[in-house]
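The values are calculated or read from the model by the stated rules, or taken from the named source; none is laboratory data. None of these values were measured; they are calculated from a predicted model. Here the Cβ is made from the backbone with ideal geometry for all residues, glycine too, and neighbour counts use every protein chain on show. Quick note on the areas: whole protein, heavy atoms, side chains included, nothing else; ligands and nucleic acids left out. Shrake-Rupley method; radii C 1.70, N 1.55, O 1.52, S 1.80 Å.
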Amino acid sequence: MKSNEMIKQNKQKIGIYGGLVTCLIIFTVLPPLRGQSLWTVSKLSTLMSDVIVLALLSIGAVFIYSLGNIDISVGKQVGIYSTIIVALGNTTDSLLPGILLCIVIALVIAVINGSAGDLLNIHPIISSLVFMMVLGGVSSITYTQLGTRNISLRTVDYSIFKNPLFMFLVLVIEFIVIGYFFNYTKFGKYAKAIGANQQVAKQCGIHIIKYKIISYIFFAITIVTASLFQMGYTGSASDSTGTGFEMNVMVALILGGMPLSGGMKSKVIYALIGSLTYSLLNIGLPLLGVEPNQVFIIKAIIFLIVVLLTSRKKYGVLPR
Amino acid sequence: MSEKVIFRTEELCKNYGPTIALKNVDIEIRQGEIRGLVGENGSGKSTIMSIASGMQKQSNGRMYFKDKEWNPDSMIEAAKEGIAMILQEANIIPHVSVAENIFAGREKEFSKFGIINVKKMNKAANALLRSYQIDHIDASVNIDRYSFEDGKLIEIVRAMSENPEILVVDETTTALSLEGRKILYRLIREMANCQKSVVLISHDMEEIIEQCDALTVLRDGDIIGHLDQKEIASVSVEKKIRYMMVGREIGDKYYREDYDVSHQEEVALELKNVSSGSIKDFSLKLHKGQIIGIGGLSGSGMHQIGRIAYGLEPLEHGSVQSGAVEIKTCLNAIENGIGYISKNRDTEALILEGSIKDNICLPLLNSMEEATFISPRKEKSMSNREIESFSIKCNSSQQWVNTLSGGNKQKVSFAKWTAKGSDIIIMDSPTRGVDIGVKQAMYQLIEKMKEEGKAILMISEELSELIGMSDELIIMKKFKVSKVFQRSPDLKETDIIEYMI
């Protein structure tokens, strides 16, 4: 009886951490039976390079998901930024000009995405949809002009972005920095308040548009960071780079337990847990002998289970 | 009233984690009676009836309805079987028509081959509305076009459309105007005459005494006592009920007792010939240490004055000044020490899905940060201080506001501005849905604020509290000032009402 109560009360936590822990246990215990192991340097490096881009993006996305917003331009942004960094890398022999240009573009997009919803009175997803289409179009035109479907860095050394330890270090730093701003400064607190109840936030003197833009700017910086690693893994970019990332981010955040409606329940750790779980499935399932083309179905089932455990809304009625 | 018991509970219990809301409650409701349930916020009066009407499940104990064990799984099931409840909060389905709201869940009665005959439904809904003398609501219109109050009336009609054996009215009258109340009271009477039962949950002592045949008083999840018709009719009943509710003599001191209307010379807040929407050319001077009350019917424009003074409404003309600063936005207002308590507590004043701490600290974050860092310890000590000074009933500052009772919620929205140290407080319906104990504490707080030299603009639909607290009382009618009264022991509600209607 007691333990039942415990399970009931902590259902959400069990759902969130339980998914990750279960994956870890299964992928630790079962693969050795088939003469495989997750805990080898090479597998862990693969895991790191699988998770890095998604984790970097998801952690930044916490800021805008906490507003109750969803961004679907992120995949195309990663594609364009990777292309810019490679192209400018080849013409200038340095990654820096490309990075700076990407930051400028990302900031402009952040300002527009952050303010359009309230200024034009449209659902915030609309402006990100427009950017998705515009950037997709730009990418398509660019690659047609170039007469190729992908471009690679020729002279610049990008090996650092392939180093799993460096990936790990950047991930930890981003987690700490975003975690700090989200939990211990007014930027995160305001974002959560706006997501929870915009009217209240306004009456508490919060400049809604300003802090929405700031939230998108945090996200923008992480998109550029993630683009570097996306580009750096192979030193190249193509017209399909970043495709579907917006959905991966959404899946990772939901898997991690992030409420789509935003608000006070939003946490940065959810992004980390979600993207780790997601990548563990990518790496772990083939170790169990699951065909790569079946991985999607299994991920879908696991996703459904976690969502049923964590995301269902249930309002208890409490004493008055 | 017959002696037949239609509904009873046996050792009904309800816990929310460690919080006990009901302890072994045994209550009987008889056929044809109007039973009042009174008690402070959090005493469990709504909890009993919300369990009876299927909104939530009890933790322990049994219920019997019409001599059978009663265990409704949902409010819809309970309503079908005969227990309908009208809630304190808005409980309508937005964006659809009034008729669709009234007949929600009963569409089959109006449909053929899966297609709803909208005309037939609207006609039936209109007929139903008219039968309760509600003439101003058109059932075919989208419900969003109607106010909160009309929404309540629509809910009442919906509840009645199922012919309930027991109708539970939970704190509904606070949202209703005089006209709406009349409709509700008439309906309650008619029900009792037809041997149906009504449970009336209310903070309004006068209403309870006037309307009920029997009273049950609760405190801290326990039944303290019952009063029958004879006892209710006695002269000192109000005092007795208060004593039972609070568990101690709360004394007669309720409102201010002084008639000293002096205040400082300095003007804290001034509205200069303001025009916004229906408000035209409105002026007001609020001094430090002064309480100005604004009264009127809820559509008189008095609520807009509060919003204008706080920078929430765009001005077409005139200005709002605090000292030398012009108030144009809420942020201006807050930075100049103005706090605003909205009458829409749950939608505009509080983040319900957030902790007490989050709510109290939100306007303060700006002043709390040190090189961007906001110390969690500071937030905690700040909110704990306010929880203590307001004696907010909760387990910790981490507790979510939507788990608090109405009065405690209101305390949190007061605490926000005292924590911020605001010098000018605009309060719109500050004691709406709040029980006597909390009301008394709030009146004392407001009086203390005045002594400290704070300026208070108090907008309220309750004349007695306006008379009891204000130095100057502005009565509004049709968006204009119809009369200004000065504080006086001779001022009576009856003198004022003629300027309101």
Q. Any idea how far apart residue B:226 and residue A:247 come out in nm if each label point goes 7 Å out from Cα toward Cβ?
A. 6.4 nm
**Q.** If the convex hull is drawn through the Cα atoms of segment B:5-246, its volume per residue in Å³
**A.** 130 Å³
Q. At a probe size of 1.4 Å, how large is the accessible area of residue B:23, to the nearest 10 Å²?
A. 80 Å²
Q | Cβ-derived FRET efficiency at R0 35 Å, residue B:375 paired with residue B:142, nearest 0.05 | A | 0.15
Q: Please work out the average accessible area per residue across segment B:5-246, using the 1.4 Å probe convention, and give it in Å².
A: 44 Å²
Q) Rounded to the nearest 0.05, what FRET efficiency is calculated for residue B:484 and residue B:16 with R0 set to 51 Å and r the Cβ-Cβ distance? A) 0.60
Q) How many nm separate the modelled label positions at residue A:122 and residue A:210, each set 7 Å beyond the Cα in the direction of the Cβ? A) 2.6 nm
**Q.** Extreme residue, positive dipole direction of chain A, given options A:75, A:115, A:195 (C-beta unit charges)
**A.** A:195
**Q.** Relative contact order (%) - criterion: Cα under 8 Å, at least six apart; region: chain A
**A.** 35 percent
Q) Can you give the longest stretch of chain A with no exposed loop site, where a site means chymotrypsin sites (Phe, Trp or Tyr not before Pro) in a DSSP loop (not H, G, I, E or B) with at most 12 other C-beta atoms within 10 Å? A) A:40-314
(Q) List the residues, sorted by chain then number, that are 5 or more residues from residue B:141 or on another chain and whose placed amide H is less than 5 Å from its amide H. (A) B:98, B:99
**Q.** Sites matching trypsin sites (Lys or Arg not before Pro) across segment A:43-151 that sit in DSSP coil, with at most 16 neighbouring C-beta atoms within 10 Å
**A.** A:149
Q: Determine the shielding of peptide B:9-16 by partner chains: average, over its residues, the number of Cβ atoms on other chains within 10 angstrom of each Cβ.
A: 1
Q. Per the Kirkwood definition applied to all pairs of different Cα atoms, how many angstroms is the hydrodynamic radius of chain B?
A. 24.4 Å
(Q) Give me the extension gain from residue B:492 to residue B:90: residue separation times 0.36 nm, minus the current Cα-Cα distance, reported in nm with one decimal. (A) 141.4 nm
Q) When the scattering of segment A:131-205 is computed by the Debye formula from its Cα atoms alone, each counted once and equally, what is log10 I(q)/I(0) at q = 0.12, 0.23 Å⁻¹? A) -0.74, -0.96
(Q) Take the residue pairs A:202/B:416; B:288/B:420; B:285/B:409 and return only those whose Cα atoms are more than 19 Å apart. (A) B:285/B:409
(Q) Kirkwood hydrodynamic radius, computed over distinct alpha-carbon pairs, for segment B:1-139: how many Å, to one decimal? (A) 17.4 Å
Q. Can you list the equivalent-ellipsoid semi-axes of segment B:223-341, largest first and in whole Å, using the square root of 5 times each Cα gyration tensor eigenvalue?
A. 41, 18, 14
Q | Length gained when the stretch residue B:149-residue B:260 is fully extended (0.36 nm per residue, less Cα-Cα span) | A | 36.3 nm
Q. Which of the helices in chain B, when you take each full DSSP H run, stretch at least 18 Å along the axis at their Cα atoms and have an average Kyte-Doolittle score of -0.5 or higher?
A. B:118-131, B:148-161, B:178-193, B:436-451
Q: Could you list the trypsin sites (Lys or Arg not before Pro) in segment B:226-319 that lie in coil according to DSSP, counting only those with at most 15 other Cβ atoms within 10 Å of their Cβ?
A: B:248, B:253
Q: Please state, to two decimals, what the Cα-based radius of gyration of segment B:51-124 comes to when divided by 2.2 N^0.38 Å (N = residues).
A: 1.37
Q: Count charges around residue A:111 for me, please; just the other residues with Cβ under 11 Å from its Cβ, Lys/Arg as +1, Asp/Glu as -1.
A: +2
Q. Once both labels are modelled 7 Å past Cα along the beta-carbon direction, what's the residue B:108-residue B:335 spacing in nm?
A. 6.1 nm
Q. Per q in 0.10, 0.14 1/Å, what log10 I(q)/I(0) does a Debye calculation on the alpha-carbon atoms of chain A return?
A. -0.61, -1.14
Q: Run a plain Debye calculation on the protein assembly as shown (Cα atoms as equal point scatterers, no solvent) and give log10 I(q)/I(0) at q = 0.07, 0.09, 0.10 Å⁻¹, rounded to two decimals, same order as the q list.
A: -0.65, -1.01, -1.17
Q. Could you sort B:346, B:495 by accessible area so the largest value comes first, with the probe set to 1.4 Å?
A. B:495, B:346
Q. By its C-alpha gyration tensor, with a ≥ b ≥ c as the square roots of the eigenvalues, how is segment A:163-320 shaped: rounded for a/c under 1.5, else prolate for a/b larger than b/c, else oblate?
A. oblate
**Q.** Long pairs among A:192/B:448; B:378/B:411; B:80/B:182; B:272/B:439; A:186/B:272, criterion Cα-Cα beyond 30 Å
**A.** A:192/B:448; B:272/B:439; A:186/B:272
Q. Which value, in Å² rounded to 10, gives the accessible area of residue A:207 with a 1.4 Å probe and all protein chains present?
A. 100 Å²
Q) Taking every residue in B:355-365, how many Cβ atoms of other protein chains lie within 10 Å of its Cβ, on average? A) 4
Q.
At 1.4 Å probe size, put A:155, B:173, B:329 in order of accessible surface, largest to smallest.
A. A:155, B:329, B:173
Q. In percent, what relative contact order does segment B:93-207 have, based on Cα pairs under 8 Å that are 6 or more apart in sequence?
A. 26 percent
Q | segment B:436-501: GluC sites (Glu not before Pro) falling in loop per DSSP and having at most 11 other Cβ within 10 Å | A | B:452
Q: Identify, among B:191, B:178, A:247, the residue whose Cα sits farthest towards the positive end of the charge dipole of the protein assembly as shown, taking +1 on the Cβ of Lys and Arg and -1 on the Cβ of Asp and Glu, with the dipole about the Cα centre.
A: A:247
Q: Please report the relative contact order for chain B, taking Cα pairs under 8 Å with a sequence separation of at least 6, and give it as a percent rounded to a whole number.
A: 15 percent
(Q) Counting protein heavy atoms only and a 1.4 angstrom probe, how many square angstrom of accessible surface do chains B and A bury in total, to the nearest 100? (A) 3000 Å²
(Q) With unit charges on the beta carbons (Lys and Arg positive, Asp and Glu negative) and the dipole taken about the Cα centre of the protein assembly as shown, which residue among A:169, B:90, A:66 sits farthest to the positive side? (A) A:169
Q | Set of aspartates and glutamates near residue B:4 by C-alpha distance (under 12 Å), chain-local residues within fewer than 8 positions excluded | A | B:28, B:33, B:67
Q | Under DSSP loop assignment and at most 12 Cβ neighbours within 10 Å, longest chymotrypsin sites (Phe, Trp or Tyr not before Pro)-free interval of chain B | A | B:260-501
